[in-house]
Amino acid sequence: MKTTGHTILITGGTSGIGLAFAKEFQLLGNTVIICGRRQSRLTEIEQSHRGIITRVCDVADSKDREDLAHWVISNYPGVNVLINNAGVQLLADLTKPVDLTRVNSEVETNFIAPVHLTSLFAQHLSTKTDAAIINISSGLAFVPIAFMPVYCATKAAIHSLTLSLRYQLRNTPVKVFEIAPPAVDTELGSDRRADKSQSHGGLAVQEFLKEAMEAIANDTLEAPIAGAKNLREKGEAMFAIMNS
Ligand SMILES: NC(=O)c1ccc[n+]([C@@H]2O[C@H](COP(=O)([O-])OP(=O)(O)OC[C@H]3O[C@@H](n4cnc5c(N)ncnc54)[C@H](OP(=O)(O)O)[C@@H]3O)[C@@H](O)[C@H]2O)c1
């Protein structure tokens, strides 16, 4: 799809991949709306990137999601692209009783929120001549890392959801993309790093962004990026290597 002239809602735009998409899409001449839980970050971004529109929203909260969709559609009726990006990555040892609050919050953020937001926007997007839903999954959708089992399962669910959604929207103008990042150097999982400024490792965000933007521009609807391609192709045959 063309990468200019849209009105784009990005969930989780306060850091990492979401913020990189926000800046890039704004530079390319799109109206960009981002959301996140951290008001302070949103304020900083509004000040440093004039024109990016922000809204506090906890996508793990169904009322917040409904309010967000209503607010965006009422105030920015031109909205024609939804990027389901917000995500958290938690460790879980399922050999012991888990803290269900954490599990629920991870599933709600990574999976239920995209399901709900998609359903809240789909009819509106279908009225546009050019529209898209872009789901951010992960290479770990295809091969799990066993110490983060719930995270990987939510990403496998996003992959499956995207296939079904693409089929459900096949007779509408809405293109449905899945971008599957490899490990990218963002704040993901920083809550479990002793030194918060420590790198996550993985691909530089700008390298990820370049390949992801090319996939969007070229209508590559399913786009594993960089090392995630190998995981997509080889699937669970990579499990032992990934978990060694
Ligand atoms: N980095 C990687 O290696 C990697 C690999 C594969 C897939 N991904 C996926 O890429 C997406 C973006 O992650 P990232 O790597 O850019 O991590 P990040 O830097 O930690 O960014 C995550 C974003 O999600 C937002 N978020 C988290 N929980 C939220 C909630 N309940 N409500 C609203 N916003 C929420 C955060 O904002 P607030 O904290 O302000 O709410 C932040 O803007 C995620 O879906 C992640 O699973 C990342």
- Item | Accessible area in square angstrom per residue, the range 7-242, 1.4 angstrom probe | 46
- Query: Looking at LEU203, GLN123, GLN39, which one has the Cα that reaches farthest to the positive end of the dipole of the chain (charges on Cβ: Lys, Arg +1; Asp, Glu -1)?
  - Reply: GLN123
- Query: About its Cα centre, how strong a charge dipole does the range 115-244 have in debye, to the nearest 20, once Lys and Arg get +1 and Asp and Glu get -1 at the Cβ?
  - Reply: 280
- On the protein heavy atoms, probe 1.4 angstrom, tell me the percent of accessible surface of the chain carried by carbon and sulfur. 54
- Charges only on Cβ, +1 for Lys and Arg, -1 for Asp and Glu: so what's the dipole of the range 37-166 about the Cα centre, in debye to the nearest 20? 200
- Taking every pair of alpha-carbon atoms in the chain, give the share separated by more than 32 Å as a whole percent. 15
- Message: At a 4.7 angstrom Cβ threshold, list every cysteine in the chain that has nobody to pair with, or say none.
- Response: CYS152
- Computed lengthening from LYS229 to ARG50, 0.36 nm per intervening residue step minus Cα-Cα distance: 60.9 nm
- What share of all Cα pairs of the range 39-83, in percent, falls into each consecutive 10 Å distance bin? 25, 47, 28
- Note on the structure: Checked against the positive end of the charge dipole of the chain (+1 on Cβ of Lys and Arg, -1 on Cβ of Asp and Glu, about the Cα centre), the farthest of THR4, GLY51, ALA22 is THR4
- Note on the structure: For LEU90, the residues 5 or more places away or on another chain with a placed amide H closer than 5 Å to its own amide H are TYR151
- How about the range 156-213: which trypsin sites (Lys or Arg not before Pro) there are in a DSSP loop, with at most 15 other Cβ atoms within 10 Å of their Cβ? ARG170, ARG193, LYS196
- Query: To the nearest 0.05, what FRET efficiency results for THR3 and SER164 with a Förster distance of 30 Å applied to their C-beta separation?
  - Reply: 0.70
- Query: Between GLU187 and LYS96, what FRET efficiency comes out of the Förster formula 1/(1 + (r/R0)^6) with R0 = 22 Å and r the beta carbon distance, rounded to 0.05?
  - Reply: 0.20
- Descending packing, highest mean Cβ count within 10 Å first, for 135-143, 24-32, 109-117, 94-102 is 135-143, 109-117, 24-32, 94-102
- Message: If amide hydrogens are placed 1.01 Å from N in the peptide plane, which non-local residues have theirs closer than 5 Å to the one on ALA131?
- Response: LYS175
- Note on the structure: Between the alpha carbon centres of the range 10-43 and the range 174-244 the gap in Å comes to 18
- Task: As a check on your grasp of the helix formula, calculate [θ] at 222 nm for the chain: sum -39500 (n - 2.57) over DSSP H runs of n ≥ 4, divide by the residue count, round to the nearest 500.
- Result: -13000 deg cm²/dmol
- Query: How big is the charge dipole of the chain about its Cα centre, in debye rounded to the nearest 20, if each Lys and Arg gets +1 on its Cβ and each Asp and Glu gets -1 on its Cβ?
  - Reply: 200
- Task: Output the peptides 151-159, 123-131 sorted from most to least packed, where packing is the average of other Cβ atoms within 10 Å over each peptide's residues.
- Result: 151-159, 123-131
- Item | Protection proxy ranking of 6-14, 34-42 - average other beta-carbon atoms within 10 Å, highest first | 6-14, 34-42
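The values are calculated or read from the model by the stated rules, or taken from the named source; none is laboratory data. Just so you know, these numbers come straight off a predicted model, no measurement behind them. Methodologically, a virtual Cβ is constructed for each residue, glycine included, from the backbone with ideal geometry; neighbour enumeration extends over all protein chains shown. For accessibility, only protein heavy atoms count, side chains too; no ligands or nucleic acids. Shrake-Rupley method; radii C 1.70, N 1.55, O 1.52, S 1.80 Å.
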